[in-house]
1. In the chain, with Lys and Arg counted as +1 and Asp and Glu as -1 at Cβ, which of these residues, 11, 93, 206, has the Cα nearest the positive end of the dipole, that is, farthest along it?
2. How much mean residue ellipticity at 222 nm does the chain get from its helices, if each DSSP H run of length 4 or more adds -39500 (n - 2.57) and you divide by all residues, to the nearest 500 deg cm²/dmol?
3. Angle between the Cα long axis of helix 213-234 and the longest principal axis of the chain, 0 to 90 degrees, nearest 10?
4. What nm distance separates the two modelled labels at residue 253 and residue 138, each placed 7 Å from Cα along Cα→Cβ?
5. Once both axes come from the Cα atoms, what is the angle between helix 100-121 and the longest principal axis of the chain, in degrees from 0 to 90, rounded to 10?
6. Taking the chain as the reference, fit the longest principal axis to its C-alpha atoms, fit the long axis of helix 154-174 to the helix C-alpha atoms, and give the angle between the two in degrees, 0 to 90, nearest 10.
7. How far apart, in nm, are the 7 Å Cα→Cβ label points at residue 60 and residue 217?
8. With the crude spin-label approximation of a point 7 Å out along Cα→Cβ, what separation in nm comes out for residue 146 versus residue 185?
Amino acid sequence: MLLEFLESLHIVWICLGVTFLMLAFVEVGHQFGVHGRSRQDKEAPTSLGPMVGALLGMLAFVLAFTFSMASSQHDLRKQNVLEEANSIGTAYLRADLIDEQYELEVKRLLSEYVDIRLQAANGGDLDILIEKSVEIHNLLWQQVSLAALDKPNTNTSLMIQATNDVIDVHEKRVMGSLHNRIPGTVWLSLAAITALTMIALGTQIGLAGKRRLIAVIPLVLAFAVLVTLVVDLNRPQNGLITVGQQSMVALQRSMKHHSE
């Protein structure tokens, strides 16, 4: 339920929420420092400095690691879109090699399939659209199988291979969009390190007796923006950074042009 709620939030609200939580942890640490100031020695803020620096470095490392994961997955999703467009386009062209009684239905199904894939990428109901995609797979396979049984030759073999490729790439896209995400343990580690870093930073500020908001707020905002960027990359079509569908749109236009 929590993951579904976070997925539904606009990326701006996530950025504001992350910023607020980080500032809250800084304030918690500040209160710890204020309460401990009366019984601390004068060198306590200085001795705490290396620890805060180490935690900031660790946080930067974990953020870089998480960003790398999200970026590589984003690139893979873009490659999957191009691969799917190529496989559907190949199947559409190879439909010319089979008998006309099967060709027309195969091309109609492939054209409908592209429309469904674009609807899924543009925020449609994924469960329903994936179910429709699987139905079209079955209908395509039925038509291609009948064509192969009617005239088993090289042309129908090529069409069967193209249909298999369309089905296989569909599974790759579903896995890449819905399942290949940053693991929950990585998010928990990032949250824990962020909280500890902000608390340590606030404690140092409290011990020093100065809030230094001019330095703290830009630091918090910078880390919050980085975290938000990682979250955005991890959500294929729900944020500001989305997987481009230009190749599928071009294929859709090409199909409409050929059908006219």
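1. It is 206, whose Cα lies furthest towards the positive end.
2. On the way: 9 runs with 213 residues, N = 260.
Helices in the chain give a 222 nm mean residue ellipticity of -29000 deg cm²/dmol.
3. That helix lies at roughly 20 degrees to the long axis.
4. The two pseudo-label positions are separated by 3.5 nm.
5. 10 degrees
6. 20 degrees
7. Each label point lies 7 Å from its Cα, and together they span 2.3 nm.
8. 5.1 nm
We did not get these values from a lab; they are worked out from the coordinates using the rules stated. None of these values were measured; they are calculated from a predicted model. Methodologically, a virtual Cβ is constructed for each residue, glycine included, from the backbone with ideal geometry; neighbour enumeration extends over all protein chains shown.
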